[in-house]
Amino acid sequence: GSDGCVSGDTCSLYTRVGDTVSLSCTNVVNQDCSSTTWNYHRTGLRSAIEEVGHGKIKTNSRRADRLKVASDCSLHISAVRAEDAGKYICQQFLSNGSQHGVDAPVHLSVLTSDSSMYPDRPVTLRCFLYTYDGPGICSDGVTEQVSLLWLNETSNKLENYSRHQVTQTSDCDITLTVTLQKEDNNRKWTCQLNINEKEISIDFTFMVPGPAWSPTSPHSESNVFNVIYILSCTLFEWFIIN
Ligand SMILES: *[C@@H]1O[C@H](CO)[C@@H](O)[C@H](O)[C@H]1NC(C)=O
Ligand SMILES: *[C@@H]1O[C@H](CO)[C@@H](O)[C@H](O)[C@H]1NC(C)=O
Ligand SMILES: *[C@@H]1O[C@H](CO)[C@@H](O)[C@H](O)[C@H]1NC(C)=O
């Protein structure tokens, strides 16, 4: 994930589960970050959580091992999880305890996916933005024009036709339902998030296990499946240079 933040207003940042993201602090006073505090909040939390105080990661933070304060006082989050979505507020406190300048909030939204497979039923692939307000809810933090879509292997938008159904409950939540057939082996479907000049996507590929597939694998218990499909999900992210 790259940093699309500009100094001043609330900034909105988008990333994807598993990625590393950098949240910039736009109001730094002390270059050694000793004045920098990072607080985190999202809907459902009773109060904000202080993740960084005096430029140091709080040791009692549940995600201390995934957080880092960079030399410019920006906050780096690695191996991003859906639940990392929310509002991160950078604040500057002077040595006499008074706050300097205004809060510099960064809204982080995380592209997330979910799939379900049951015998004799279509496969469901859900792709959604986890935001400040929760899964699939386009909230305050989603200030830019966002769109989610499903693409086939030739990058054509998938609509409702034959075996595919696309249902969209909001701009931040889209589900593809596919009735799988043998020819879908190794077929790829892509969920793509478009935000201004940036695209983030998640790929899904179905594979029918070959003869090398071990009957001792835990899946062998589920004999209700005629064919067991393995769902793999790979992640791609790229930027369109203006
Ligand atoms: C703290 O220090 C700053 C700058 O040195 C000053 O402007 C501010 O009034 C001080 N605040 C208090 C509460 O003393
Ligand atoms: C993707 O969708 C387009 C438009 O519906 C279709 O013409 C094309 O054959 C599809 N590509 C694949 C690989 O299914
Ligand atoms: C596709 O079909 C589903 C179920 O019939 C419907 O809810 C959905 O709105 C349709 N999607 C589009 C893009 O027309």
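Out of (1) touching a residue at least 60 places away in the same chain (Cβ under 8 Å); (2) farther than 18 Å from D203 by Cα; (3) out of contact with any Cys (no Cβ under 6 Å at 6 or more places or on another chain); (4) among the hydroxyl-bearing types (S, T, Y), the odd one out for S74 is which?
(3)
Could you please let me know if S232 is in a strand (DSSP E or B), under 21 Å from S109 (Cβ atoms) and either modelled with pLDDT of 90 or more or polar (S, T, N, Q) (or both)?
Taking the combined requirement at face value, the residue does not satisfy it.
If S95 satisfies every condition in (1) among the small types (G, A, S); (2) in contact with a strand residue (DSSP E or B) (Cβ under 7 Å, 6 or more places away or on another chain); (3) within 16 Å of ligand 1 (Cβ to nearest atom) but one, which is the exception?
Failed condition: (2).
Considering only residues of the range 178-200 that are in a strand (DSSP E or B) and within 16 Å of ligand 2 (Cβ to nearest atom), which is surrounded by the fewest Cβ atoms within 10 Å (Cβ to Cβ)?
Taking the candidates together, the pick is K188.
State all residues of the range 98-110 that are among the hydroxyl-bearing types (S, T, Y) and either within 16 Å of ligand 3 (Cβ to nearest atom) or surrounded by fewer than 20 Cβ atoms within 10 Å (Cβ to Cβ) (or both); if no residue qualifies, say none.
Correct list: S98 only.
Restricting to the range 41-97, and then to whatever is small (G, A, S) and part of a strand (DSSP E or B), can you tell me which residue is surrounded by the fewest Cβ atoms within 10 Å (Cβ to Cβ)?
G53
If you check S155 against the conditions, is it under 22 Å from C191 (Cβ atoms) and assigned to a strand (DSSP E or B)?
No; evaluated as a whole, the condition is false for this residue.
When you look at N152, is it surrounded by fewer than 20 Cβ atoms within 10 Å (Cβ to Cβ) and either closer than 26 Å to T20 by Cα or within 16 Å of ligand 2 (Cβ to nearest atom) (or both), yes or no?
Judged against the criteria, N152 is a match.
The values are calculated or read from the model by the stated rules, or taken from the named source; none is laboratory data. Given the structure is predicted, the values throughout are model-derived calculations rather than measurements. Methodologically, a virtual Cβ is constructed for each residue, glycine included, from the backbone with ideal geometry; neighbour enumeration extends over all protein chains shown.
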